[in-house]
Structure formats: structure tokens, C-alpha cells
2 protein chains.
Amino acid sequence: MKIGYLGPEGTFSQMAALKYAKYKGECELVPFSGIPVVLKAVEDGLIDECVVPFENSIEGTVNFTIDSLVFDVDLEMKSEIVLPISHNIAARRDCENIEPVKILSHPQSLAQCRKFLERNYKNADTVQVSSNSEAARIVSQSIEPWFCVTTEAAAEIYGLTILKKGIQDEKHNETRFVAVGKGEGIIDGIKEKTSIVFSTENKPGELYKILDIMSIWDLNMTKIESRPMKNQLGTYVFFVDLECHSAEDMKDALKMIKRKTTFFKHLGTYDLID
Amino acid sequence: MKIGYLGPEGTFSQMAALKYAKYKGECELVPFSGIPVVLKAVEDGLIDECVVPFENSIEGTVNFTIDSLVFDVDLEMKSEIVLPISHNIAARRDCENIEPVKILSHPQSLAQCRKFLERNYKNADTVQVSSNSEAARIVSQSIEPWFCVTTEAAAEIYGLTILKKGIQDEKHNETRFVAVGKGEGIIDGIKEKTSIVFSTENKPGELYKILDIMSIWDLNMTKIESRPMKNQLGTYVFFVDLECHSAEDMKDALKMIKRKTTFFKHLGTYDLID
């Protein structure tokens, strides 16, 4: 089985893909350069499934993954993979005891470690690069007194020493990834989550009616997000995650929601890999 | 008046800040390295206001701005600035007629021009850098046959030639920015938008009750987004944008919403600068 992920190697996306591969058994992991590209590769059958960032991510925005799943490809969410986010400060072995002049990382990682960096390296400039892994690569190949904020995997790949682990300001930080593949949208048992997307007519109170249906079938909504519909100003699509203790009820509720909405897509019914 | 923005120069954020400065009159623009940093500078009184990306952004994620406004700083949204997103392919003057080996840009910009790049430069590798502006800087200082996807402003700053304008795949692409400053949360007239954030008790049907209040006061909800509450698993905060044709009704509705929620913050009531 071939599983694609948002590369390069050493990023959180690869760590999520490794976690998923461990759960699935025998897998080959293949890095891709972007979210739309890796999803397209699944649709074209070049790979079987892919793991992409979905929520509160370091490497990409949820909007990208969600928009692609809704508008661009016809694929299904198979699993959700939750990864605790832990940042590390790393350096080349010969630079361990110096004062760094620059600290490189992805902009979001730098922001997530802002307080730590201000406290410990207040004279160093922060430099934004495209990924945590790229930061490690640059530092490893440079002769300058530069440090980086990176993943354990990337520090290992590029032979860097981790000076301190878990330097993020917010200790309970998680990123959610989804495994995506081809599917038929079948609900064949109780799963932890169901993700749907729908549009309603653009007038006050329409969303309220849909939440009413969820309440009738005792569905618990764990996430809701509206996004403007592409090319149709003033029209919104709603992304909703639902929990339900009966596969039968979930099927019936979705049937009713589909009937009461102007656009509906069942993105998947799946379990979490924690 | 000093207005900060998410730098470097030449990014969409600077273009939004320029648009806002034009609307405000006499202003000095100051670039900052990150969203939390620039917001903090407003709170500390180093600058008067700042312009940061808010929705569907190229340079940052909405989550960052929203989370900071809710949890980290006590500031108010003053205006929303809408910017049409237009990407351009640019090169050094001596490279105009060659076949590029690499095309550099921010990952989201590359993704937004994916179809165009595949059609026109299918042999070129795409390379992710930290901003559109950084891509232009690197290309301008390199002697390699590299192109970049960048803004008009950055192409001008770094003396690059734009080979084609408006190369994004999706023609109706907008990014929203907000101007943020100190304030008292006063609603002193009819404005286009009101942004609030709140939490409810964590049980099914609680959000439904709040939407009921909005429906009673005829508030039109134009955006809703749930996000997990930091450090409290299973608890959600909801970000909602509302429209209302009466300042009095809006005040009364907010008073009731505040009474029925476990956490409430009025982020601002403001107009759009289009």
C-alpha cells in the first residue's frame, strides 16, 4: 500500500503519516510537494491513500485540505490522526555553546515558541523559512552561528543536536491530520466521527433549521465552520463534525439534512488514531 | 499615526496596510515579523493600530489572528480590508525568454496557481519559501534561471519583470485583513459587521439556543467557526460575524448572548473598506 504525505521529510506531516502507516501495517510512504497535488495523486490512483494536515496545523491551513475535499476531488476521509505538537531548539554540534545570531523555522513554529525564544535568545533574529524541516537542512549545511526550531525527526535526518525539547509556549498543542482515500461513503458501523459539508439558502435562520435536525437525532456537533462558497458571493458552505451512538440514526439524520440543504456532501465516517 | 503590518515589504499584508493608510489619511507604515508581535506592539502603545490577515490569507492563518485577539491581547477590530488576490509570474530582465528550472513562492501561492504552472512550466520544480516577497528577493539576487510567483509590489521593489499578471487558477479570490487598535467596545451607530466570540456549556443543543437569540433579534450570521478552547479539551469557542440594521438591537442582542454563554468577548463593530 502506497501512502502519500505533504513533504518534505522530517515535517509533522511525515510523523503523522508514519503513525498512520504503523496502524495500517505494510506501507510505503511517498512525499509530495503540496496538498492539492497529493490529493490528486490519490484520485488518479498513483497512490492508495494520503495523510494531509486538517486542523491547527503547522505546515498548511485547514482551508486548503477542506476546500480540495469539497470542491476538487471525490475522496473520502478514512481516519483522523492526532499528533501532539512538540518543538525543539536544535544546532550543529560545533555550535552548541555559542550565542545564535539567527533562529530559523516555519513562521507558525516561531510564533508558537515566541515566549521561549524571547526569554532565552533575545538577541537572535528569527528567520522564516518554508518548513521546520527546511530550517534544519539550512542550519546543517551552513557554517553560520544559526539555530533552528524543528522536529525531532528533522534534527535526526540532518544530524543536528537538540538543545531543548518541548519549547512551545502552549504545552497542550495538537495537530489533526486526515487519511484520505477512495470510497463509497458507506456507514458500516459506529465510528467516532462523521464529517459533512452543506449549503443552505442564504437567509437568516436556515442554519438554525439544520441544527434542529441534528438535535432531533441527538447528534453531537463537535466542529462547525462556515466558508464562503467559491464564485458565489454571499453563499456559505458549512463544515460540520458529528458524533452519534447509532449508525442507523446517523444514516437517517444525514438523509434528512441532505433533503433540507441546497448542497450536501458526506466527507466520511471514521475513527480517530490517537 | 503609526500602523504596523505583517512584513516583509511587498507582501499582500503591506498592500492591505497601504489601502487602510489611504483611507485613514496621514500614516506611517511599520513592518513586523509576525502576527503576535505586531498585535503586542499595539497593546504596548509602540504603534497605534495594525493590519493583519484574517481570512483566506496567503501569508498567515486566520487561526493565529483570531486566537491572539481572543486570548492574548485586549484590542478591538476597527475595520476590515478586503483585497483581491492576484498572482503574477516574474523573472529577472535577462531571464525573460528562458525556460525556468525552478519557480519560487509561498506554498499557498504556488497551490493557488498550480494549474497555470502545470500548463505553462511543467518542467520547472516549484520551491516553497516563506513569502511571495522573499521569493522575489531571492530571484532578483540569484544568477540561476529561476522565476517566482509574487505580488506586483514585490516585483517592483526587487526590479523584476512581470511576465503575466493574474495567473491564479481561481479568479475570484479575496483575502480579508483587519485593522486592530485599542478601544472600548462601543457600538456608536450602524456598522456593517460585528464580530463576537463565545463559549457555551459543552452539551448538545447549546449553540442552537444562541442561534435562537440571533434569530429573535433578526441578526444575520455571515460567519461561524468553532475552535477548541486552549487547555480545555472538549470545550469550544465560537467565532461569529453578525449583521444588523439597528445599533440598539445589536446592543440588546449582545447583552442577551453574553447572559446565555459561559465566555463572551465582543471583538469589534466595524465597517468594511473595499
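Bear in mind these aren't lab numbers, they're just calculated from the coordinates by the rules spelled out. Not measured: the values here are computed from a predicted model. Neighbour counts are summed over all protein chains in view; Cβ atoms, including those assigned to glycine, are modelled from backbone coordinates with ideal geometry.
Couple of notes before you dig in:
- Tilt relative to chain A, helix A:12-24 - C-alpha long axis, 0 to 90 degrees, to 10: 60
- When only the Cβ of Lys, Arg, Asp and Glu is charged (+1, +1, -1, -1), the dipole of the stretch A:1-72 relative to its Cα centre reaches about 220 debye.
- Label-to-label distances for B:Glu99 across copies, nearest first, come out at 5.2 nm, using points 7 Å from Cα in the beta-carbon direction.
- Axis of helix B:247-259 versus longest Cα principal axis of chain B: the two differ by about 80°, to the nearest ten degrees.
- Across all Cα pairs in the stretch A:6-156, the calculated P(r) in 10 Å bins from zero up to the longest distance comes to 11, 38, 29, 16, 6, 0 percent per bin.
- Within the stretch A:88-164, the proportion of Cα pairs with more than 22 Å between them is 8 percent.
- Here the stretch B:1-61 is treated as a sphere whose radius is the Kirkwood value from Cα pairs; by Stokes-Einstein at 25 °C and 0.890 mPa s it diffuses with a coefficient of 217 µm²/s.
- Size of charge dipole - the protein assembly as shown - debye, nearest 20, with Cβ of Lys, Arg +1 and Asp, Glu -1, no other charges: 60
- Restricting the calculation to Cα atoms, the stretch B:123-274 yields a radius of gyration followed by a Dmax of 22.2, 64 Å.
- Helical contribution to [θ] at 222 nm, DSSP H n ≥ 4, -39,500 (n - 2.57), averaged over chain B, rounded to 500: -8500 deg cm²/dmol
- Taking every alpha-carbon pair in the protein assembly as shown and binning the separations at 20 Å intervals from zero gives 21, 56, 23, 0 percent.
- With neighbours defined as other Cβ atoms within 10 Å of a residue's Cβ, the residues B:Arg119, A:Arg137 order from fewest to most as B:Arg119, A:Arg137.
- Student exercise, the stretch B:193-273 dipole from Lys, Arg, Asp, Glu Cβ charges, in Debye to nearest 20: 440
- Evaluated at q = 0.08, 0.10, 0.14, 0.16 Å⁻¹: base-10 log I(q)/I(0), Debye formula over Cα of chain A: -0.39, -0.59, -0.98, -1.15
- Helix axis angle, B:206-216 relative to chain B longest principal axis, alpha carbon, degrees: 80
- Simple rule: put +1 on each Lys or Arg Cβ and -1 on each Asp or Glu Cβ in chain A, find the dipole, and look at A:Asn120, A:Pro84, A:Gly181; the Cα lying farthest toward the positive end is A:Asn120.
- Counting only lysines at least 8 places from B:Lys258 when in the same chain, those with an alpha carbon closer than 29 Å to its own are A:Lys203, A:Lys209, A:Lys223, B:Lys40, B:Lys78, B:Lys182, B:Lys191, B:Lys193, B:Lys203, B:Lys209, B:Lys223, B:Lys230.
- Copies compared at A:Gly45 - label distances in nm, ascending, label defined 7 Å from Cα in the Cβ direction: 6.9
- Every pair of different Cα atoms in the stretch A:193-273 enters the Kirkwood calculation, which places the hydrodynamic radius at 12.9 Å.
- 7 Å along Cα→Cβ, label-point gaps from A:His172 to other copies, nm, shortest first: 4.1
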